[in-house]
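Enquirer: Dumping the structure here so I can ask a few things about it.
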Amino acid sequence: METFKNALIFLLNEIINELYPKQCIICGKLYSDEICSKCYKTLEIVAKSQKNKNKSFNEHIYLFKYGGTIRKLIIDYKFNDKAYLSDFFTKIIIKNEKICRKIKSYDIIIPVPIHKKRKNERGYNQSELIAKKIAKNTNQLQLVTDSLIKQKNTVAQSTLTKEQRKQNVKQVYKIANKQKIQNKKIILLDDIYTTGSTVEECSKILKQNGAKEILVLTIAKDEIN
Ligand SMILES: [Zn+2]
């Protein structure tokens, strides 16, 4: 029943979003886009790329430093039923030239999975909605959601210390449909990069199962840790 209710809320939000004139998601002013030009200018897009030889993924690129307006939008998106914000995040990603150039050389996009139970509670996987829209807007990227699976429901990473986070994600993911990732150049999408434990664990299992290259793409990076 709960699953059905959440699915319905999600669907209604999508319909309302299509029917009504858009409002700027930051200042609320009616506008032709998700964000008005004035608020757009206040966003500090960094689109920073980092390569780290000690990680299982080859590169990490993020759009924003986690904080201020972006922090508020991500929290709203994940926890306050604002699934429609996926349009905004997708646009920011695909409008960025640096990221677009990179995306072009990859084969598939995989959103970091959430557990079935959490997905039912929330009604959607926040990373999956964005990955789906990126795949739709860039013709050659294929969305794969049935290969990297979260098999255990874990405590939210945000509540744990760095060391606890590492332990919390161990043995949590598994691979199905191995052929879909073998020899593939993969974009792994997540919302926030904090200690990197989640994307590291996902990348490790993807590489162990034959993934060729992995680019981790996140909306934000939390630099506290
Ligand atoms: Zn505005």
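The values are calculated or read from the model by the stated rules, or taken from the named source; none is laboratory data. Since the structure is predicted, the reported quantities are computational estimates derived from the model, not experimental observations. With ideal geometry, Cβ positions are generated from the backbone for all residues, glycine too; neighbour counts draw on all protein chains shown. When the accessible area is computed, the model is the full protein with side chains, heavy atoms only, and any ligands, DNA or RNA have been set aside. Shrake-Rupley method; radii C 1.70, N 1.55, O 1.52, S 1.80 Å.
Enquirer: Seen from all sides and averaged, what is the projected area of the convex hull of the Cα atoms in segment 2-221, in nm²?
Expert: Numbers: hull surface 48.1 nm².
Directional mean of the projected Cα hull area for segment 2-221 stands at 12.0 nm².
Enquirer: Quick one: 3J(HN,Hα) in Hz for segment 212-223, Karplus 6.51/-1.76/1.60 with θ = phi - 60°, rounded, Gly and Pro as x.
Expert: Each residue's phi maps through the Karplus curve to give 7, 8, 10, 10, 8, 10, 10, 5, 9, 10, 8, 9 Hz.
Enquirer: Once the whole set of protein chains is in place, how much accessible area is left on residue 30, using a 1.4 Å probe, in Å² to the nearest 10?
Expert: 120 Å²
Enquirer: Carbon and sulfur together cover what percent of the accessible area of the chain at a 1.4 Å probe radius?
Expert: On the chain, the fraction of accessible area on carbon and sulfur atoms equals 49 percent.
Enquirer: Counting other C-beta atoms within 10 Å, and keeping those with at most 16, which DSSP coil GluC sites (Glu not before Pro) do you find in segment 1-95?
Expert: Passing sites in segment 1-95 are 44.
Enquirer: For segment 12-86, how big is Rg over Rh, using alpha carbon atoms and the Kirkwood form of Rh? Don't jump to the answer; show the numbers that get you there.
Expert: Details: Rg = 15.6 Å, Rh = 14.5 Å.
Ratio of gyration radius to Kirkwood radius for segment 12-86: 1.08.
Enquirer: Ok, one more. Which is the longest part of the chain that has none of the trypsin sites (Lys or Arg not before Pro) sitting in a DSSP loop with at most 13 other Cβ atoms within 10 Å?
Expert: Free of exposed loop sites, the longest segment is 171-225.
Enquirer: Along the Cα-to-C-beta direction of residue 5, a point sits 7 Å from the Cα; which residues of segment 110-134 have their amide N less than 14 Å from that point?
Expert: 120-123
Enquirer: Send over a whole-number figure in Å² for the accessible area per residue of the chain, probe 1.4 Å.
Expert: Spelled out: the 1.4 Å probe surface of the chain, per residue, equals 54 Å².
Enquirer: With runs of 4+ DSSP H residues as the only contributors, calculate the mean residue ellipticity of the chain at 222 nm using -39,500 (n - 2.57) per run, divided by the residue total and rounded to the nearest 500.
Expert: Theoretical 222 nm ellipticity from helices: -12000 deg cm²/dmol.
Enquirer: Can you give the log10 of the normalised intensity I(q)/I(0) at q = 0.19 Å⁻¹, computed with Debye over equal Cα scatterers of segment 90-142?
Expert: The Debye formula, applied to the Cα set alone, gives -0.66.
Enquirer: Another question, then. For residue 51 and residue 157, FRET efficiency with R0 = 35 Å and r from the beta-carbon atoms, rounded to 0.05?
Expert: Calculated value: 0.90.
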